[in-house]
Every structure is written in structure tokens, then in C-alpha cells.
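Comments concern the structure below.
The values are calculated or read from the model by the stated rules, or taken from the named source; none is laboratory data. As the structure is a prediction and not an experimental result, all values here were calculated from the model. No Cβ is skipped: glycine too gets one built from the backbone with ideal geometry, and neighbour counts run over all protein chains shown.
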Amino acid sequence: MATKAKKAENAKAAEWMYEIVRRPIVTEKSANGSSNNQMTFEVLSTATKPQIKAAVEAIFGVKVKGVNTLVQKGKTKFFRGTRALRGDMKKAIVRLEEGQAIDIGTGA
């Protein structure tokens, strides 16, 4: 019985982990980081570095060496004379251990 409770607890943990890591960011600059074992993700704005590290390790099955975060402020855009502001976005640059890799092209 204890194992079923533990599995249910791990399943609940997986739900919040998928909420923290929203999507990988695929740009030319983030692609250059992959040569240094770095991946860039958009994350929840309230997520902390230990939460991001735990989520990436559990979702992708890799070892994380370190996490750097930044908040990219939203741009002011104009559309037909109307001014609008895009929302802020938090990014996490995750550095992986040597020999570890994440293939985001396959979706797995």
C-alpha cells in the first residue's frame, strides 16, 4: 500500500513540474548555448531555481549542473494606433552536466 501512495505523490509532483517548464525557447542565441550544454526554457514567473532544476531533471531525465534565470520585460507594441503591452516572460538557462543532452526536436 505504501508504494501506491508514493506513486500517487510522484504523479502529483509531475503535474506541477509541467506547469513550471512551459516551453523551450528556440532562437539562434539559445542554439549557440547548446554547444556549451545549455538549454533555454520559458518558465512560470513565480518559479524558483531549485524548482526549475527539479522539474527539468524529472521531465527530461537529465542531470542539471546549474540554473540561471532572467525576466524579459514586455515590449510596447502599436496596432492601428492602439498601444498595447506584451506580458513579461521569465526565462531559465539550464546548464547540463557533461555528456547529458535534451533533444527538443523529437518532442520526447
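The set of residues from region 89-108 being within 20 Å of Ala55 (Cβ to Cβ), charged (D, E, K, R) and either over 17 Å from the mean Cα position of the chain (by Cα) or modelled with pLDDT of 90 or more (or both) comprises Lys90, Lys91, Arg95, Glu97. Criterion applied to Val67, Val43, Val62 was being surrounded by 15 or more Cβ atoms within 10 Å (Cβ to Cβ) and without any contact (Cβ under 8 Å) to a residue 40 or more places away in the chain, and the one residue passing it is Val67. Considering (1) modelled with pLDDT of 90 or more; (2) part of a helix (DSSP H, G or I), the lone condition that Val67 does not fulfil carries the number (2).
When region 13-64 is filtered for residues that are part of a strand (DSSP E or B) and either modelled with pLDDT under 90 or more than 19 Å from Glu97 (Cβ to Cβ) (or both), the ones remaining, listed by number, are Arg22, Arg23, Glu42, Val43. Of all residues in region 40-53, those being touching a helix residue (DSSP H, G or I) at 6+ places or on another chain (Cβ under 7 Å) and not β-branched (Val, Ile, Thr) number 3.
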